[in-house]
Structure formats: structure tokens, C-alpha cells
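Scroll down for the structure; my scribbles are underneath it.
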Amino acid sequence: MSTQVRNGRMTVPQLVAMKGRRKIVSLTAYSSAIAQVIDPLVDFILVGDSTAMVGYGRSSTLGMRLDETIAHTRAVVDSTRLACVIADMPFGSYQESPEQAFRNCAEVLARTGCAAVKLEVNQVLASTVAFLVERGVPVMAHIGLMPQFVNVMGGYKAQGLSSEGGATLLADARANLRAGAFALLLEGVAEPVARAITEASDKPTIGIGASPACDGQVLVTEDLLGLGGEHVPRFVKQYADVAGVIREACARFGDEVRDGTFPTLDHCYGV
Ligand code: KIV
């Protein structure tokens, strides 16, 4: 197990400087408990809008609200001291106009203490990224499979599988790097396209279902722990069966309550 030896919290410029030096490691966290455990193990923690599905059991990320993003990001910042914390801006909080995006991103940065935001963007939204960066908001640009576009895409589909699709993704990447994004998050991107974007980019690329060539990787923590439910996407590697551990421990508790072996007098006061 490799924990990071670090003085203080990882900053955005330090993350950017890691490109070409060593791989960047990231996981999601929405709660204090998970954030505390992963803090020394990762370079940045993403408070993903996957909270809507993983934390609240909703059917997509579209219902995530700004006040929920603020509450979860604040909990993660307050529970950590080493990893850079990045908040995922929820659907509807930045797409309307650059001004709306700035107002909401500024609120997230000010009220949570996180270091940066992540936005799902294309070439059209690159002007919003430029508006934010010029005003002091560090932006990670999420391109490729964008869950907030699920209704436009007609499902969760890997992107860049055709030569036309690949060219669009390269243009999305270029536009957002030109706009000042400090990193690209490539989700569900055809491997050769993710590799080409990484080679062409002077900023780090973070892959999820993209390519081993990316400058870093991120996964939803619950997915790698085996807590993500029945459907395991192709890009997930399960490193543990925590659902099984919870099931077994809780079943034993139930058995012991029923047969009277828990609690014993050792668990009681004033005996
Ligand atoms: O919301 C999220 O957790 C994400 C990751 C899947 C990259 O955007």
C-alpha cells in the first residue's frame, strides 16, 4: 500500500506539474468516512455528481442539486488535509450562461474550500470554461461520455469509436485546453483517441474507461470496493467485495441478536 508523503494539501498547479513525471491517482468521495480513508492514498478526490446515483439511489446524475454538491464537498474538505478536492458541478448549474456558471462555481469554491471544479463540456461550453478560468476558477474539463448528456446520447455510450467521433473529441479537448482547463477528464473514450489526446495535451488527462496512456486514472470508490450494485461497467476493476463483508457482518449480528449471544454483559453498563 503506498500512502503519499506530503506536506499540506496537493494544489492544482502541483497536479498539473505531475504530467510526464508520475501517474495521478484519484477516487471519488461523498462522505467523511470514505474521504478520511482515501485522503493519504490519492492525489485528488473528486466529489462526483455520481453522488446522486451512488449516495441517493437516483436513476441518473441529472437530479443532483447545487446545495447537495456544496454539502458533500464541504464534508470531504473538512475531513481531509492532503488530497486536492475537486467538486463536480451539477447539471443545470453552469450550462445556461458563463455568468450563471461563475456565480455557482464561486459559491461552491467559497462555501466548501475545494480547489477546483469539474464541468462536462464540449466546444460550445469552452467559452464558459474561458470565462471561469479568467476569473479565478480552476476547471477540469470532462469530455467523452458525459452522463449529464444522457438524454441527448440516448444512453451511456462510449465515445470516439468512429473517425468522425474521434475528431470531435480531439476538437473538444483542444477547445477546452485553449480555454484554460488545467486538466481533461476522459470518460468512456475510445482507447486510441484517449491516447492521442493525452499525447497532444500539455495538461494532464485523467481516464475512466479511456486508456492506460492517460496521465492519471479515477474510479468511483464504491465501484472498486464492490459496492456499486449488480451492474459492473467494463472499465471498473473490483479490488474488494465490501458488500460481501457488510452482508456477512450484519447477518452475524442478526443471528446473534436472535439467538441471544449478543449482547453479553460485557456490552452493558453498571453490571
Ligand atoms: O461523477 C463522477 O463520479 C464522475 C466520475 C465518474 C468521473 O464524474
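Using a probe radius of 1.4 Å on heavy atoms only, what accessible surface per residue do you get for region 195-260? Whole Å² is fine.
Value for region 195-260: 61 Å² per residue.
Report the number of Lys pairs in the chain whose alpha-carbons are under 20 Å apart, with separation of 8 or more residues or on distinct chains.
Lysine pair count for the chain: 7.
By the gyration tensor of its Cα atoms, with a ≥ b ≥ c the square roots of the eigenvalues, what is the shape of region 78-199: rounded for a/c under 1.5, prolate for a/b over b/c, or oblate?
Verdict is prolate for region 78-199.
Could you tell me which trypsin sites (Lys or Arg not before Pro) in region 235-271 are loop residues by DSSP with no more than 14 other beta carbons within 10 angstrom of their beta carbon?
Qualifying residues, ordered by number: 237.
Based on the alpha-carbon gyration tensor of region 29-92 and its eigenvalue square roots a ≥ b ≥ c, which shape applies: rounded if a/c is under 1.5, prolate if not and a/b is larger than b/c, or oblate?
prolate
When Rg is the radius of gyration of the Cα atoms in the chain and Rh is its Kirkwood radius, what does Rg/Rh come to?
Using only Cα positions, Rg/Rh for the chain is 1.03.
Determine the per residue accessible area of region 123-180 with all protein chains present and a 1.4 angstrom probe, expressed in square angstrom.
Per-residue value: 47 Å².
From Cα pairs below 8 angstrom and at least 6 apart in sequence, can you work out the relative contact order of region 12-240, rounded to a whole percent?
18 percent
With a 1.4 Å probe and every protein chain kept in, tell me what percent of the accessible surface of the chain is carbon plus sulfur.
Working: 7560 of 13440 Å².
Ligands and nucleic acids excluded, carbon and sulfur give 56 percent.
Kindly provide the helix-only [θ] at 222 nm of the chain, computed as the sum of -39,500 (n - 2.57) over DSSP H runs of four or more divided by all residues, to the nearest 500 deg cm²/dmol?
Numbers: 11 runs with 106 residues, N = 271.
Value at 222 nm, helices only: -11500 deg cm²/dmol.
Among 161, 119, 186, which one moves the most in a GNM of the chain with springs linking Cα atoms closer than 10 Å?
161
Might you tell me the accessible area per residue for region 1-93, computed with a 1.4 Å probe and given in Å²?
Details: 4170 Å² over 93 residues.
Result: 45 Å² per residue.
Tell me which chymotrypsin sites (Phe, Trp or Tyr not before Pro) from region 94-160 have a DSSP coil assignment and no more than 15 other beta carbons within 10 Å of their own.
Those satisfying the criteria are 156.
Grab the other residues whose beta carbon is less than 15 angstrom from that of residue 10, score K and R as +1, D and E as -1, and report the net.
With Lys, Arg at +1 and Asp, Glu at -1, the net is +4.
Mind checking region 50-106 for trypsin sites (Lys or Arg not before Pro) that DSSP puts in a loop (not H, G, I, E or B) and that have at most 12 other Cβ atoms within 10 Å?
Filter output for region 50-106: 81.
The values are calculated or read from the model by the stated rules, or taken from the named source; none is laboratory data. No experiment lies behind these values; they were computed from the predicted model shown. Using ideal geometry, Cβ is built from the backbone for each residue, glycine included, and neighbour counts are taken over all protein chains shown. When the accessible area is computed, the model is the full protein with side chains, heavy atoms only, and any ligands, DNA or RNA have been set aside. Shrake-Rupley method; radii C 1.70, N 1.55, O 1.52, S 1.80 Å.
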